[in-house]
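One structure below.
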Amino acid sequence: MVAVTVIGPGSIGSAVVAVAVRGGADVQVLGRTEAKARAAAEPLGASFGAVGDTLTGDIVVLAVPFDAVEEILGQYHAAFRGRVLVDVSNPVDFATFDGLIVPAYSSAAQAMQSTVPEARVLKAFNTNFAATLHSGVIADQPTAVLVAGDDADAKEALLGVVRTAGLRGVDAGSLKRARELEAIGFLQLTLGMREEISWTGGLGLVA
């Protein structure tokens with residue numbers, strides 16, 4: 001059985017927990033407080049704890065805002081060695097909401113890989129709204145989860161969980177493609193903020 005740890009029990013983190021449980025994974029949820037993690041974990045039969053507890057997942061999903069990533073990477077730096085580390089952040093400049101705060105030639109996920117080179121970093125879930133991860137559909141199409149990364153085995157491990165959960169898992173290419181995924185995520189957020197699309201919808205992928 002695949003073991004997944006989700007750090008961050010907010011809306012997107014809780015949605016990833018639901019996907020991982022449906023995908024047959026043994027799931028651990030860690031939050032700033034144990035109470036927050038419990039609220040996301042208990043209804044789905046997942047274990048829970050507080051940030052700082054020992055990681056149980058071979059796949060660790062960092063479902064925290066971009067500005068909280070550095071602290072988590074520092075806290076668990078040694079523990080991430082050899083693990084699959086999934087970045088779901090969208091590094092939006094929230095002061096202007098008019099761009100990303102990472103260099104145009106890079107991405108949040110690539111910066112993460114540089115910080116923890118021993119981890120196998122993937123970019124995923126940042127182009128999904130939480131509601132469509134829970135429902136599993138956008139309109140009449142399965143929700144598509146785009147996964148970018150340089151480690152083929154790491155991608156297949158995550159894609160296996162996603163597909164078992166009934167979603168459409170798509171290999172989006174190397175970790176360099178995280179830049180494009182973050183741009184798509186940003187565009188989708190701006191459309192949602194302008195009420196051009198619903199938070200229960202989003203951008204879909206038609207085969």
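The values are calculated or read from the model by the stated rules, or taken from the named source; none is laboratory data. The shown structure was predicted, so the numbers you read here are calculated from the model rather than taken from an experiment. Here the Cβ positions follow ideal geometry from the backbone for every residue, glycine too, while neighbour counts run over all protein chains shown.
In the stretch 94-111, how many are crowded, with 19+ Cβ neighbours inside 10 Å and touching a residue at least 40 places away in the same chain (Cβ under 8 Å)?
Going residue by residue through the stretch 94-111, those that are crowded, with 19+ Cβ neighbours inside 10 Å are 100, 102, 107-111.
After this cut, where a residue has to be touching a residue at least 40 places away in the same chain (Cβ under 8 Å) as well, the list is 100, 102, 107-110.
Matching residues across the stretch 94-111 total 6.
What about T143, is it of a type in the set (S, T, N, Q), touching a Ser or Thr at 6+ places or on another chain (Cβ under 6 Å) and crowded, with 18+ Cβ neighbours inside 10 Å? For T143, the condition - of a type in the set (S, T, N, Q), touching a Ser or Thr at 6+ places or on another chain (Cβ under 6 Å) and crowded, with 18+ Cβ neighbours inside 10 Å - is met.
So, in the stretch 48-64, of the ones that are assigned to a loop (DSSP other than H, G, I, E, B) and surrounded by fewer than 16 Cβ atoms within 10 Å (Cβ to Cβ), which residue ends up nearest to the chain's Cα centre (by Cα)? Among residues in the stretch 48-64 that are assigned to a loop (DSSP other than H, G, I, E, B) and surrounded by fewer than 16 Cβ atoms within 10 Å (Cβ to Cβ), the one nearest to the chain's Cα centre (by Cα) is T56.
Listed by first and then second residue, the pairs with beta-carbon distance under 7 Å, at least 6 apart or on different chains, first residue in the stretch 153-175 and under 19 Å from L203 (Cα atoms), second surrounded by fewer than 17 Cβ atoms within 10 Å (Cβ to Cβ) and of a type in the set (K, R), are G169/R163.
Of all residues in the stretch 32-47, exactly one satisfies the criterion of being touching a residue at least 24 places away in the same chain (Cβ under 8 Å) and either assigned to a strand (DSSP E or B) or on the phi > 0 side of the Ramachandran plot (or both), namely G45. Could you grab me the full set of residues in the stretch 12-31 that are more than 28 Å from S107 (Cβ to Cβ) and either touching an Asp or Glu at 6+ places or on another chain (Cβ under 8 Å) or part of a strand (DSSP E or B) (or both)? Scanning the stretch 12-31 gives a single hit, D26. In summary, P91 fulfils each of the numbered conditions (1) surrounded by 22 or more Cβ atoms within 10 Å (Cβ to Cβ); (2) within 28 Å of M1 (Cα to Cα) with the single exception of condition (2). Here the stretch 147-176 is the region considered, the condition is being among the aliphatic types (A, V, I, L, M) and in a helix (DSSP H, G or I), and the residue that is surrounded by the fewest Cβ atoms within 10 Å (Cβ to Cβ) is A152. When the residues of the stretch 117-141 are filtered to those that are in contact with a strand residue (DSSP E or B) (Cβ under 9 Å, 6 or more places away or on another chain) and among the hydroxyl-bearing types (S, T, Y), the one that is nearest to I184 (Cα to Cα) is T127.
Report whether or not E180 is farther than 17 Å from V60 by Cα, of a type in the set (D, E) and out of contact with any Ser or Thr (no Cβ under 8 Å at 6 or more places or on another chain). So E180 fits the description; yes. Residues that are crowded, with 24+ Cβ neighbours inside 10 Å and aliphatic (A, V, I, L, M) within the stretch 120-132 comprise V121, L122, A124, listed in sequence order. Selection within the stretch 90-146: residues that are touching a Phe, Trp or Tyr at 6+ places or on another chain (Cβ under 7 Å) and part of a strand (DSSP E or B). The member of this set that is modelled with the highest pLDDT is V145.
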